[in-house]
Amino acid sequence: MSVQLEHINKHFGQQHVLRDVTLDIPEGQVLGLLGPNGAGKSTLMKILVGLVRPENGHVSVPEHIGYLPENNPLYDEMYVVEYLRFMAKLERVEYPETRVEALIERVGLTPERHKHIRALSKGFRQRVGLAQALLGDPDLLILDEPTTGLDPNQLVEIRGLIRALGRDRTVILSTHIMQEVREMCDRVVILDHGAIKADSPIDRIADLEALFHEVTQ
């Protein structure tokens, strides 16, 4: 199932956060939402997962969605495997222990599985968040600034993981860094002050870079 947004608008007080946003995202695509801070990226993602209601327009998304918010809230006092099993039961995942074990291996958490979450690096905390977002085997994975605060080695690993996840599901990720979309995305949408300024396949990266430079000045 594709993801569709038609004529989406959203205000917070006097601020027009999203301006007539229309998108059609086919299955199996990695879409990058690129824009400066305050462009409306996070609000658009929250609308997709049902945390924020638009004022008008139409939203169509798959039934099964995984979401990794920018702040990645976790229970620091729990062990990695304990936390994921707990979340799997809350989400009523079928065969939760089997699913958790498979995801721990897939996202590279095996060496950290018996550590407290508070003892993990930022990169491994992101992996825990990704594993949680994948518990229900979602058709759509939404990642809000998934690489913020990672060191260079962690960046390479998380980018590779996200690219791999995009092979069998639709992925939408937000970022304010051009390099991120270049490394991970098939298609880029540039948002500026809540409006779409560009919507292009990644092979037109030179044009996208020039436009992104304009909107960030």
**OP:** Check H114 against each of (1) within 26 Å of Q179 (Cβ to Cβ); (2) touching a Phe, Trp or Tyr at 6+ places or on another chain (Cβ under 8 Å); (3) not in a helix (DSSP H, G or I) and name the one condition it does not meet.
**Re:** (1)
Subject >> Output for the range 105-141, where each listed residue is among the small types (G, A, S), out of contact with any helix residue (DSSP H, G or I) (no Cβ under 7 Å at 6 or more places or on another chain) and buried (at least 20 other Cβ atoms within 10 Å of the Cβ) >> reply: G129, A133
Subject >> Hey, R113 farther than 27 Å from K46 by Cβ and either free of Cβ contacts under 8 Å to residues at least 24 places away in the same chain or touching a strand residue (DSSP E or B) at 6+ places or on another chain (Cβ under 9 Å) (or both) or not >> reply: yes
Original post:
Has the range 94-102 got at least one residue that is part of a loop (DSSP other than H, G, I, E, B) and either in contact (Cβ under 8 Å) with a residue 24 or more places away in the chain or closer than 23 Å to R127 by Cβ (or both)?
Top reply: yes
Original post:
Could you say which residue among K10, K41 is of a type outside the set (D, E), assigned by TED's automatic domain parsing to the domain that holds D203, at pLDDT 95 or above and crowded, with 22+ Cβ neighbours inside 10 Å?
Top reply: K10
Original post:
Do any residues in the range 202-217 that are among the hydroxyl-bearing types (S, T, Y) have Cβ atoms under 7 Å from those of residues that are surrounded by 13 or more Cβ atoms within 10 Å (Cβ to Cβ) and in a loop (DSSP other than H, G, I, E, B), where the two are at least six apart or on different chains, and which pairs are they?
Top reply: T216/P36
**OP:** For residues that are of a type in the set (G, A, S) and farther than 12 Å from V61 by Cβ, tally how many sit in the range 1-27.
**Re:** 1
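The values are calculated or read from the model by the stated rules, or taken from the named source; none is laboratory data. As the structure is a prediction and not an experimental result, all values here were calculated from the model. All Cβ positions, even for glycine, are placed from backbone atoms using ideal geometry, and neighbour counts span all protein chains on display.
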